[in-house]
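Here is the structure we will look at, set down as structure tokens.
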Amino acid sequence: MTRIRHVHTGATAVLVLIGSLLTACSSSPGTSAAGAGSCAEAPNGTHIAADAPTATGDIATNPEIGTGYRTGMSPVRTRTYMVSAANPIATQAACRVLASGGTAADALVAAQMVLGLVEPQATGIGGGAFLMYYNAATKSVDAYDGREIAPASATENYLRWTSDADHTPPQPSTTASGRSIGVPGVLRMLRMAHDDHGKQSWRDLFTPAIDLADHGFPISPRMAAEIAASAKDLARDDNARAYFLKPDGSPKPEGYTITDPAMAKTLSAIASDGPDAFYTGAIAKDIVDTTGATSAGRTPGQITLADLAGYRAEKRTAICTDYRTHILCGMPGPSSGGMTVAATMGILENFDLASLAPDHPDRDGGVPKAQAVHLISEAERLAYADRDKYVADPDFVPLPGNSPDTLLNKPYLKQRAALINPAHTMGSAQPGDFGPVPLGTGPQQPEHGTSHISVVDEYGNAAAMTTTVNAAFGSFHVVDGFVLNNQLEDFSSIPTGADGAPLANRVQGGKRPRSSMSPTLVFDRDPDGSRGRLAYVTGSPGGSVIIQFVVKTLVGLLDWGLNPQQAVSAPDFGAANTPVTGIGGEHPDIKATDNGEHDPLVRQLRAMGHQVSVVQQSSGLSALKREPGGWIGGADPRREGAVMGDTR
Ligand code: DON
């Protein structure tokens, strides 16, 4: 059996469970191209404690916390199929589906259901997702939108006052009250993708998760750390307390075998009857009652049975743009991810980034040059400025000119690039001016609690899916075995900007909050300019910083020739539209002590006017790359992710 090393020492129980799954996987007969060692986690790196300050306490909501960094991870190589998910048990479930001839869509269903158990701080059926899917047979790219929606009755004041007429305190909590909960979208979206692209039976894809829920699984180091960090909030909800805490109120620890019988029942119903078992009937009623509960002083949400029954996933037009010799395809609104990644890369196309590659990158990706970090973070400031003003749910707020092209065409992005001073930061950028539009800029909400899955199957199909409950453990409401999201926090809780103009991302009934999730597919650009072979699959959790994590990875892959493991392992860096530039202090090559004062990169950036933060980053990137003979992939050393497939 392949030897497995894990993120942290002491996760023996996780390893034992994976070991038993491995045996089953490698011994299953008739699997295509899956030899011994398939669906096994490759040995990677060792855990070190980072000396950087953590993000906890710097932001208003419960983030997913940093849990260290695995140094020296090596990439995984496979022949025909590959999956990277945020937890080895989920990766393995998806890998086994691929090994038995399943498609990328099949693998996503199995992985998502397992992730809801082993990574409930990040994702689950009580949340939402975005999915980019490549169908190799038709050469088509679909963008699936499973974003949560606000209840139909929500007004623009839903997140700030008890009602339009009653402004008396307490204000609703935008992170932990029923008001923060949106109508979940994951299941209807996955069913749509499975109807379009699945080969294996919907019901069977639930079996690994139902088994885990019934028989239990060991709490992973990361899940244990998240429970401990959120114990106070989890204790306020009866179901959350009973599931995540011990009878004495202490957090269930790493290695503790946890079972979820309520979830086994829920998953069995959805396996048999499809998503309607969730969106109508007893589970729907439980969601309505839990969201509307007033216990523990919570402001009740207004989700109704009709909101649930009426939820629709959407298939939207992917945003595909040229980047040098490649074509990038990303998610359109209501995610700002595709637009903002494309705008940043389009601005960067005007600079010779290849000449700024890190010198001698090691397995951890090398340290980027200050000039490269400067250019990339300036491009991000300009792109976020447009995103903050113009991008929201397109069903409510059209883009300027009614098309992504207004913000992404090459002459416009060249003008934006000309605003960059190569020697000094602009601090913050102004959005482009597209005449009188009734939209002001407003405050950005911090946002955290997400997972990303990248998959390629033996048929050449590929999927990049980012899936989330928003904050760690969402709204801390648990019902029928699963966590309910707090995704409505992604709306602007204030409806107008400082100038009094309505904000694009204000709350409206039935609207989807703006996201930053950026699942991305990258294709070769054929000599005639058309979309050629699928070349890369990537994405990450990380709230509004996702865009920066994905840009860092794309530049590493496309401009600097890093392999996928180096590209995701390399220091996280970048900026939103503020004077602060982040350099991930958890990386072993960044000297984060004394606020980075002894770090050469940090010092050079400060000399260019950047306000550098070395707070730990908690990206959860994965990247897969086609190469001669198959695929090569990497998983983020900052989380527990693993890459598996028919290894070479
Ligand atoms: O949709 C979004 O952009 C956020 N709600 C995602 C939150 C997230 O990625 C947190 N990650 N750790």
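The values are calculated or read from the model by the stated rules, or taken from the named source; none is laboratory data. These numbers come from a predicted model, not from an experiment. Note that each Cβ is placed from the backbone with ideal geometry, even for glycine, and that neighbours are counted across all protein chains shown.
A search for C-beta distances below 8 Å between a residue of the stretch 456-472 that is within 17 Å of Ile65 (Cα to Cα) and any residue that is charged (D, E, K, R) and within 16 Å of the ligand (Cβ to nearest atom), counting only pairs 6+ apart in sequence or on different chains, returns Asn470/Glu447; Asn470/Glu489; Asn470/Asp490; Ala471/Glu447; Ala471/Glu489; Ala472/Glu64; Ala472/Glu226. Evaluation of Ala262 against the conditions (1) in a loop (DSSP other than H, G, I, E, B); (2) surrounded by fewer than 21 Cβ atoms within 10 Å (Cβ to Cβ); (3) not aromatic (Phe, Trp, Tyr) shows that the sole unmet condition is (1).
Each residue in the stretch 74-117 was checked for being among the aliphatic types (A, V, I, L, M), within 16 Å of the ligand (Cβ to nearest atom) and more than 16 Å from Leu190 (Cβ to Cβ), and 1 pass. With respect to being out of contact with any Pro (no Cβ under 6 Å at 6 or more places or on another chain), buried (at least 24 other Cβ atoms within 10 Å of the Cβ) and at pLDDT 95 or above, Ser569 falls outside the description. Give me a count of the residues in the stretch 107-141 that are of a type in the set (Asp, Glu) and in contact with a Phe, Trp or Tyr (Cβ under 9 Å, 6 or more places away or on another chain). The qualifying residues number 0. Under the condition of being of a type in the set (Val, Ile, Thr) and in contact with a Ser or Thr (Cβ under 8 Å, 6 or more places away or on another chain), the residues counted in the stretch 401-420 number 0.
Considering Asp166, Asp145, which residue is under 20 Å from the mean Cα position of the chain (by Cα) and charged (D, E, K, R)?
After ruling out the rest, the residue left standing is Asp145.
Within this structure, Val568 passes the test of being touching a helix residue (DSSP H, G or I) at 6+ places or on another chain (Cβ under 7 Å) and more than 15 Å from Ala343 (Cα to Cα).
Kindly indicate whether Lys591 is within 16 Å of the ligand (Cβ to nearest atom) and charged (D, E, K, R).
So Lys591 fails the test.
For Gly330, only one of the following conditions fails: (1) away from the ligand (no atom under 16 Å from the Cβ); (2) farther than 30 Å from Asp233 by Cβ. What is its number? With respect to (1) away from the ligand (no atom under 16 Å from the Cβ); (2) farther than 30 Å from Asp233 by Cβ, Gly330 is out only on (1).
Scanning the stretch 589-618 for residues that are assigned to a loop (DSSP other than H, G, I, E, B) and within 29 Å of the chain's Cα centre (by Cα) yields Asp589, Ile590, Lys591, Ala592, His610, Val614, Val615, Gln616, Gln617, Ser618. Does Ala231 satisfy the criteria of being of a type in the set (Gly, Ala, Ser), buried (at least 18 other Cβ atoms within 10 Å of the Cβ), over 27 Å from Arg147 (Cβ atoms) and free of Cβ contacts under 8 Å to residues at least 60 places away in the same chain? In short, no. For the stretch 525-558, a residue qualifies if it is out of contact with any Ser or Thr (no Cβ under 7 Å at 6 or more places or on another chain), surrounded by fewer than 22 Cβ atoms within 10 Å (Cβ to Cβ) and charged (D, E, K, R), and the qualifying residues are Asp526, Asp528, Arg531, Arg533. With respect to being touching a strand residue (DSSP E or B) at 6+ places or on another chain (Cβ under 8 Å) and acidic (Asp, Glu), Asp594 falls outside the description. Scanning the stretch 223-247 for residues that are out of contact with any helix residue (DSSP H, G or I) (no Cβ under 9 Å at 6 or more places or on another chain) and not charged (D, E, K, R) yields Ala224, Ala225, Ala228, Ala229, Ala242, Pro247. The strands (runs of 3 or more DSSP E) found wholly in the stretch 62-158 and carrying at least 1 residues that are over 26 Å from Gln617 (Cα atoms), touching a residue at least 24 places away in the same chain (Cβ under 8 Å) and polar (S, T, N, Q) occupy 76-85, 128-135.
If the condition is being in contact with a helix residue (DSSP H, G or I) (Cβ under 8 Å, 6 or more places away or on another chain) and small (Gly, Ala, Ser), then the stretch 166-208 contributes Ser173, Ala176, Gly178, Ser180, Gly182, Ala193, Gly198.
Looking only at residues in the stretch 464-505 that are in a loop (DSSP other than H, G, I, E, B) and among the β-branched types (Val, Ile, Thr), the one that is farthest from the ligand (Cβ to nearest atom) is Ile494.
Kindly evaluate Ile453 against the criterion of being buried (at least 24 other Cβ atoms within 10 Å of the Cβ), within 16 Å of the ligand (Cβ to nearest atom), among the β-branched types (Val, Ile, Thr) and over 23 Å from Thr91 (Cβ atoms). Here the answer is no, as Ile453 does not meet what is asked. Screening the stretch 159-181 for residues that are closer than 22 Å to Asp395 by Cα and outside any loop (DSSP other than H, G, I, E, B) and picking the one that is nearest to the ligand (Cβ to nearest atom) gives Ser180.
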